[in-house]
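A.B. asks: Take a look at the following structure, please.
Read-outs: derived from the displayed coordinates by stated rules, not from any lab. Please read all numbers here as calculations on a predicted model, not as lab measurements. Using ideal geometry, Cβ is built from the backbone for each residue, glycine included, and neighbour counts are taken over all protein chains shown.
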Amino acid sequence: MKTYLVTGGAGFIGSNFIHYIFDVHNGDVKVINVDLLTYAGNLENLADLEGNVNYSFIKADICDRDTISKIFAQNDIDYVVHFAAESHVDRSIRDPEIFARTNVIGTLNMLDCARYAWEEGEGFKEGKRFLHVSTDEVYGSLTEEGTYFYETTPYDPHSPYSASKASSDFMVKAYVDTYHFPAVITNCSNNYGPYQFPEKLIPLIINNVLTGKKLPVYGDGKNVRDWLYVMDHAKAIDMVLEKGRIGEKYNVGGHNEKQNIEIVKIIIDTIKEMLPDDDPRKAHINYDLITYVEDRKGHDRRYAIAPDKIKKEIGWEPDTMFAEGIKLTIRWYFEHTEWMEHVTSGNYQKYYEEMYK
Ligand code: NAD
Ligand code: DAU
């Protein structure tokens with residue numbers, strides 16, 4: 001049975017990944033979830049795993065050398081899956097420093113603690129893997145239709161967020177090149193699905209439609225993102241851990257490019273279609289809710305991933321097409337109004353205090 005140290009497991013993708021690996025490996029994995037529980041981390045996302053002897057949670061900062069090295073000393077970790085990060089571009093524009101601290105220094109600390117724990121002779125213990133979860137934003141912005149980000153595309157980050165992720169990728173590469181450290185990197189496109197914090201486009205729009213609020217669209221609404229259902233990202237990470245070559249990076253995306261305004265309209269139409277006819281909210285849901293607002297500073301125009309390498313080398317394919325994924329996501333938010341109330345009111349912190357006091 002493999003032991004995974006998952007950082008940022010209480011966040012959006014981390015919590016979906018933990019659910020995914022327990023499911024796909026029939027519970028035959030051990031997971032240690034290390035998360036600082038910032039505003040973005042919520043243990044309610046993993047409530048179903050409480051009491052599972054193969055799952056444990058440790059509240060810790062990835063920058064804290066003593067605590068992280070103790071976790072390695074006390075557990076025989078096979079895989080590190082490093083999600084923990086500050087992840088929101090708008091926040092990085094307002095407050096860049098925490099992005100450098102968490103995303104760069106935090107990654108360096110994780111790498112170094114793993115290096116000390118896994119060293120053996122001139123190399124590293126057999127079978128150890130450090131998977132660094134990165135983003136397509138490190139490649140910058142595309143302008144022309146039909147062009148894509150490949151693993152060989154030069155890095156050209158623009159926001160403090162993407163610059164911090166690019167720096168962390170280079171730190172991982174430095175550990176591979178210098179120490180032959182057993183790391184791999186995945187660079188994924190925009191994820192959507194359950195448990196996503198409603199600061200990001202899709203959950204924000206779903207929540208605003210359901211509560212009758214305006215739908216803020218930045219600039220002309222024609223910026224393009226390449227959307228992937230979160231469980232397909234989890235599947236890619238699981239497969240890269242097993243089959244990825246050390247020192248390589250793998251782009252992850254499902255060729256699902258859409259302009260932001262298309263996404264907003266799809267959400268409006270889908271919610272209208274899914275709500276029962278006697279739901280009083282239905283009459284007020286229409287395109288008039290769309291409000292064009294000031295553009296994001298330095299707003300990247302278009303992202304589009306070429307996933308050829310992961311498909312060819314690893315055999316990964318996405319399972320969930322957007323038309324289905326968006327319905328699954330909207331249904332999840334319909335059914336989890338309490339979760340939404342907790343995260344938007346800050347009450348989710350109480351859950352931690354009650355469970356772990
Ligand atoms: P998220 O913001 O939902 O979750 C981040 C998690 O990290 C939270 O649980 C938070 O509490 C934790 N965290 C933050 N600082 C920490 C610290 N100092 N120590 C320990 N834990 C800390 O983010 P997400 O959207 O789930 O993204 C996860 C990872 O995937 C990030 O590295 C992000 O760059 C990358 N990524 C995200 C997307 C996307 O579309 N969301 C796409 C590609 C890559
Ligand atoms: O591409 C991968 C990245 O995707 C991840 O690395 C990041 O962690 C993740 O946050 C996401 O970044 P984006 O900036 O692309 O996602 P966001 O949901 O913030 O915005 C998506 C698009 O929608 C972007 O063009 C900005 C626009 N937008 C966003 C918000 C929150 C709006 O028009 N209105 C909004 O209110």
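A.B. asks: Quick one: would you say Y195 is in contact with a strand residue (DSSP E or B) (Cβ under 8 Å, 6 or more places away or on another chain) and within 15 Å of ligand 1 (Cβ to nearest atom)?
C.D. replies: For Y195, the condition - in contact with a strand residue (DSSP E or B) (Cβ under 8 Å, 6 or more places away or on another chain) and within 15 Å of ligand 1 (Cβ to nearest atom) - is not met.
A.B. asks: Let me ask something else. Could you tell me whether the stretch 135-152 includes any residue that is more than 23 Å from P203 (Cβ to Cβ), in contact with a Phe, Trp or Tyr (Cβ under 9 Å, 6 or more places away or on another chain), within 16 Å of ligand 2 (Cβ to nearest atom) and assigned to a helix (DSSP H, G or I)? Before you say what the answer is, go through the steps one by one.
C.D. replies: Our first condition is that a residue be more than 23 Å from P203 (Cβ to Cβ); within the stretch 135-152, this holds for 138-152.
Now narrow it down to the ones that are in contact with a Phe, Trp or Tyr (Cβ under 9 Å, 6 or more places away or on another chain): 138-142, 149-151.
Now restrict to residues that are within 16 Å of ligand 2 (Cβ to nearest atom): 138-142, 149-151.
Those still in the list that are assigned to a helix (DSSP H, G or I) too: 138-139.
Yes; the residues of the stretch 135-152 include at least one that is more than 23 Å from P203 (Cβ to Cβ), in contact with a Phe, Trp or Tyr (Cβ under 9 Å, 6 or more places away or on another chain), within 16 Å of ligand 2 (Cβ to nearest atom) and assigned to a helix (DSSP H, G or I).
A.B. asks: Okay, moving on. Quick one: what pairs do we get from the stretch 249-272, first residue basic (K, R), second more than 16 Å from ligand 1 (Cβ to nearest atom) and outside any loop (DSSP other than H, G, I, E, B), C-beta under 7 Å, 6+ apart or different chains?
C.D. replies: K265/Y287; K272/K282
A.B. asks: Another question, then. Within the stretch 58-86, count every residue that is of a type outside the set (V, I, T), within 13 Å of ligand 1 (Cβ to nearest atom), within 22 Å of Y175 (Cβ to Cβ) and in contact (Cβ under 8 Å) with a residue 40 or more places away in the chain.
C.D. replies: To start, the set of residues in the stretch 58-86 that are of a type outside the set (V, I, T) comprises 59-61, 63-66, 69-70, 72-76, 78-79, 82-86.
Still in the running and within 13 Å of ligand 1 (Cβ to nearest atom): 59-61, 63-65, 82-86.
Next, only the ones that are within 22 Å of Y175 (Cβ to Cβ) stay: 60-61, 63-65, 82-86.
Subsequent filtering for residues that are in contact (Cβ under 8 Å) with a residue 40 or more places away in the chain retains 61, 63-65, 82-86.
Matching residues across the stretch 58-86 total 9.
A.B. asks: Considering E242, E199, which residue is in a helix (DSSP H, G or I) and surrounded by fewer than 18 Cβ atoms within 10 Å (Cβ to Cβ)? Steps first, please.
C.D. replies: Values: E199 fails: in a helix (DSSP H, G or I).
Only one candidate qualifies: E242.
A.B. asks: Out of all the residues in the stretch 96-116, is one or more basic (K, R) and either within 11 Å of ligand 2 (Cβ to nearest atom) or in a helix (DSSP H, G or I) (or both)? Show your work before the answer.
C.D. replies: Restricting attention to the stretch 96-116, the residues satisfying the condition of being basic (K, R) are 101, 115.
Now narrow it down to the ones that are either within 11 Å of ligand 2 (Cβ to nearest atom) or in a helix (DSSP H, G or I) (or both): 101, 115.
There is at least one residue in the stretch 96-116 that is basic (K, R) and either within 11 Å of ligand 2 (Cβ to nearest atom) or in a helix (DSSP H, G or I) (or both).
A.B. asks: Under 9 Å between Cβ atoms, at least 6 apart or on separate chains: pull out the pairs that start in the stretch 14-29 with a residue that is part of a helix (DSSP H, G or I) and end on any residue that is among the acidic types (D, E).
C.D. replies: Close Cβ pairs satisfying both conditions: G14/D35; F17/D238; H19/D48; Y20/D238; I21/D238; F22/D28; V24/D238.
A.B. asks: Continuing with this model, one more query. Is it the case that the stretch 133-152 has a residue that's within 23 Å of H88 (Cβ to Cβ), in contact with a helix residue (DSSP H, G or I) (Cβ under 8 Å, 6 or more places away or on another chain), without any contact (Cβ under 8 Å) to a residue 40 or more places away in the chain and of a type outside the set (S, T, N, Q)?
C.D. replies: No, that holds for no residue.
A.B. asks: While we're looking at this one, here's another question. Could you look through the stretch 131-155, keep only residues that are in contact with a His (Cβ under 8 Å, 6 or more places away or on another chain) and more than 12 Å from Y303 (Cα to Cα), and pick out the one that is nearest to ligand 1 (Cβ to nearest atom)?
C.D. replies: The selected residue is V133.
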